[in-house]
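The values are calculated or read from the model by the stated rules, or taken from the named source; none is laboratory data. Note that the structure is predicted; figures quoted are calculated from it, not measured. Virtual Cβ from ideal backbone geometry, glycine too; neighbours counted across all protein chains shown.
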Amino acid sequence: MIPQFKYYRPKSINELKSILGDMQDNSRILAGGTDIVPGFIQQSSRFTSITNLIDINCIADLKAIKNVDGQVLIGSAITFAEIMKNELIQTHFPLLTKAASTVGSIQIRNRATVVGNFVNNAPCADSVPPLLVYDASIKIISPNGERNIPLNEFLLNPYETQLKKNECVTEIIIPAPKENFIGDFYKLGRRSAVSISRISLAFLMHEENKFIKEFKIASGAITPIGKRFYEIENAFVGKEISSETFMEIASTLGEKVLETTGLRWSTDYKLPVVQQMLYQLLERNVGGISG
Amino acid sequence: MIINFKINGKETLINLTKNKRLIDLLRDDLKLTGTKEGCSIGECGACTVIVNGKAVNSCLVLAQQVDECDVITVEGLAEGNKLSELQQNFLKYGAIQCGFCTPGMLMSAYALFLENPTPSREEIETAIEGNLCRCTGYKPIIQAITSTVSGE
């Protein structure tokens, strides 16, 4: 049932690096374990061949949320429960707090990590749309050094990222928040608790004198992986804040999603829901501004 | 690998000869069969136990991961032969039918009390979000937890 992997528990980044240096194929980082452990039980081919498991929960440096020159650094062993309770995140990155609160149950949020969520890179990963609109990047270490890359480049395909076998993500880096952004996160599941996203959306908008000055939008679950829509963002910067603009944004998002996914059995349902939800989100959060 | 942890207040040493989950360690090695295995994938909450003060699904935790931790299972709630007030209220309000979800429900409620001794009804509902009951229904369970808060 549970494979007979070798279990490692480094206490420091240096120890982690030296273990990573010795790793062969089929090694995996263990943080929350909420994907890996049930993956063993379900005989998922993604996990059953694991021969080395490196538990990063005892590395104090990875168990921290820091504010460095306005940037927020989130360690890769930080759980969703810790994100939800963090005041810095609540104040400056509320979409991430909201998304975290919709993940699984208390039991899952007490174990599952934000970094594990996007390293697993399921299409429904709830942390991804907020992190994308906040322009998050990540720090990856290996025995040979470290690299920083934007999250949207790190995510390649469903369940596939740029992470190599002797690498470990150590940190999420979120740039200093812009206080004049208004935004929201929306998740639709088949039930209200312990649900897997069918549709998720995150957006941020900066309005000035009733015109859109900056706009960021990302999806999850409706696209094969979480995705930013830069074309839509650019097309609507400079447009006047109005119901017509919101409708146009929502309908354009639907077209782009359809372009990405092609027609599916669920399209008849999901497409109008996505469009209506985005329209409502924009009206609810930004609409009041246009009076 | 030898793991050293506290189970229901008692220091315990276990020599793990093979990889297993926390739930297997509890049920098979320590014979603490109060913790139930339902879905095995973290959805039903029947296997909920407390690790370092937090409710977790013991089917999602590896036995190695509780080394140097403090673990509480449903067997740790009663004092000797006397059931805790929370357990007594589950009986009093009929919050048990088949009983399979009960240990998990109790542990989720207990974890909530550790963090917040006077939770609101909404906080109680959130606390048992990850615990499925398919027979009693949630009303008597919420009633039992609410009554433990108010001391009724």
The listed residue being farther than 17 Å from A:I225 by Cα and of a type in the set (D, E), out of A:E171, A:E153:
A:E171
Exactly one of (1) within 14 Å of chain B (Cβ to nearest Cβ); (2) touching a strand residue (DSSP E or B) at 6+ places or on another chain (Cβ under 7 Å) is unmet by A:Q71. Its number?
(1)
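If a residue has to be assigned to a strand (DSSP E or B), modelled with pLDDT under 90 and surrounded by fewer than 20 Cβ atoms within 10 Å (Cβ to Cβ) to count, how many in the range A:168-226 make the cut? Lay out the reasoning, then the answer.
First, pick out the residues of the range A:168-226 that are assigned to a strand (DSSP E or B): A:168-174, A:181-188, A:199-208, A:211-220.
Narrowing the set further to residues that are modelled with pLDDT under 90 leaves A:187-188, A:199, A:220.
Now narrow it down to the ones that are surrounded by fewer than 20 Cβ atoms within 10 Å (Cβ to Cβ): A:188.
Matching residues across the range A:168-226 total 1.
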Counting just the residues of the range B:3-32 that are surrounded by fewer than 19 Cβ atoms within 10 Å (Cβ to Cβ), out of contact with any Lys or Arg (no Cβ under 8 Å at 6 or more places or on another chain) and in a strand (DSSP E or B), which one comes out nearest to the other protein chains (Cβ to nearest Cβ)?
B:I3
State the number of residues belonging to the range B:7-27 that are closer than 22 Å to A:T34 by Cβ and without any contact (Cβ under 8 Å) to a residue 40 or more places away in the chain.
4
Is there a residue in the range A:50-62 that is of a type outside the set (A, V, I, L, M) and within 19 Å of the chain's Cα centre (by Cα)?
no
Of residues in the range B:98-130 being assigned to a loop (DSSP other than H, G, I, E, B), polar (S, T, N, Q) and within 21 Å of B:A78 (Cα to Cα), the one farthest from the other protein chains (Cβ to nearest Cβ):
B:T118
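Out of curiosity, is B:L91 in contact (Cβ under 8 Å) with a residue 40 or more places away in the chain, surrounded by fewer than 24 Cβ atoms within 10 Å (Cβ to Cβ), away from chain A (no Cβ under 13 Å) and assigned to a helix (DSSP H, G or I)? Spell out how you get there, then give the answer.
Values: in contact (Cβ under 8 Å) with a residue 40 or more places away in the chain: no; surrounded by fewer than 24 Cβ atoms within 10 Å (Cβ to Cβ): yes; away from chain A (no Cβ under 13 Å): yes; assigned to a helix (DSSP H, G or I): yes.
For B:L91, the condition - in contact (Cβ under 8 Å) with a residue 40 or more places away in the chain, surrounded by fewer than 24 Cβ atoms within 10 Å (Cβ to Cβ), away from chain A (no Cβ under 13 Å) and assigned to a helix (DSSP H, G or I) - is not met.
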For the subset of the range B:74-85 comprising residues that are touching a helix residue (DSSP H, G or I) at 6+ places or on another chain (Cβ under 7 Å) and either closer than 16 Å to A:T34 by Cβ or of a type outside the set (G, A, S) (or both), which member is farthest from the other protein chains (Cβ to nearest Cβ)?
B:E85
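Would you confirm, using the coordinates I've provided, whether A:F246 is touching a Lys or Arg at 6+ places or on another chain (Cβ under 8 Å), aromatic (F, W, Y) and more than 18 Å from A:N157 (Cα to Cα)?
Working: touching a Lys or Arg at 6+ places or on another chain (Cβ under 8 Å): no; aromatic (F, W, Y): yes; more than 18 Å from A:N157 (Cα to Cα): yes.
No: the conditions fail for A:F246.
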Give just the number: which of (1) among the small types (G, A, S); (2) under 23 Å from A:I78 (Cβ atoms); (3) outside any loop (DSSP other than H, G, I, E, B) does A:G32 not satisfy?
(3)
Among the candidates A:N110, A:N121, A:N152, A:N117, single out the residue that is under 18 Å from A:L201 (Cα atoms) and crowded, with 24+ Cβ neighbours inside 10 Å.
A:N117
Just one of A:S251, A:S242 is in contact (Cβ under 8 Å) with a residue 40 or more places away in the chain and surrounded by fewer than 16 Cβ atoms within 10 Å (Cβ to Cβ); which is it?
A:S242
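Which of the following residues is under 27 Å from B:I14 (Cβ atoms) and either among the small types (G, A, S) or more than 9 Å from every other protein chain (Cβ to nearest Cβ) (or both): B:V56, B:V71, B:V51?
Only one candidate passes the filter, namely B:V71.
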Residues located in the range A:250-275, provided they are part of a helix (DSSP H, G or I) and either more than 22 Å from A:P224 (Cβ to Cβ) or of a type in the set (D, E, K, R) (or both):
A:E255, A:K256, A:E259, A:D268, A:K270
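Among the residues of the range A:13-58 satisfying the criterion of being basic (K, R) and out of contact with any Leu (no Cβ under 8 Å at 6 or more places or on another chain), which is nearest to the other protein chains (Cβ to nearest Cβ)? Lay out the reasoning, then the answer.
Taking the range A:13-58 and keeping what is basic (K, R), we get A:17, A:28, A:46.
Next cut, out of contact with any Leu (no Cβ under 8 Å at 6 or more places or on another chain) only: A:17, A:46.
Details: A:K17: 21, A:R46: 14 Å.
Looking at residues that are basic (K, R) and out of contact with any Leu (no Cβ under 8 Å at 6 or more places or on another chain), I get A:R46.
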Any residue at all in the range A:130-145 that is buried (at least 16 other Cβ atoms within 10 Å of the Cβ), away from chain B (no Cβ under 14 Å) and under 22 Å from B:L60 (Cβ atoms)?
no
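For the range A:39-54, which residues satisfy the criterion of being in a helix (DSSP H, G or I) and out of contact with any strand residue (DSSP E or B) (no Cβ under 9 Å at 6 or more places or on another chain)?
Applying the first criterion (in a helix (DSSP H, G or I)) to the range A:39-54 yields A:39-41.
Answer for the range A:39-54, where residues must be in a helix (DSSP H, G or I) and out of contact with any strand residue (DSSP E or B) (no Cβ under 9 Å at 6 or more places or on another chain): just A:G39.
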Just to be sure I understand, how many residues within the range B:110-129 are surrounded by 18 or more Cβ atoms within 10 Å (Cβ to Cβ) and touching a Lys or Arg at 6+ places or on another chain (Cβ under 9 Å)?
1
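Surrounded by 20 or more Cβ atoms within 10 Å (Cβ to Cβ) and touching a residue at least 12 places away in the same chain (Cβ under 8 Å): does that describe A:I89?
yes
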Select the strands (runs of 3 or more DSSP E) contained entirely in the range B:33-73, then report the ones holding at least 2 residues which are at pLDDT 95 or above and buried (at least 24 other Cβ atoms within 10 Å of the Cβ).
B:48-51, B:54-57
If I ask for residues that are closer than 22 Å to A:I89 by Cα and hydrophobic (A, V, I, L, M, F, W, C), which ones from the range A:175-207 would you list?
A:A176, A:F181, A:I182, A:F185, A:L201, A:A202, A:F203, A:L204, A:M205
Scan (1) buried (at least 22 other Cβ atoms within 10 Å of the Cβ); (2) away from chain B (no Cβ under 14 Å) for the single condition A:D61 breaks and write down its number.
(1)
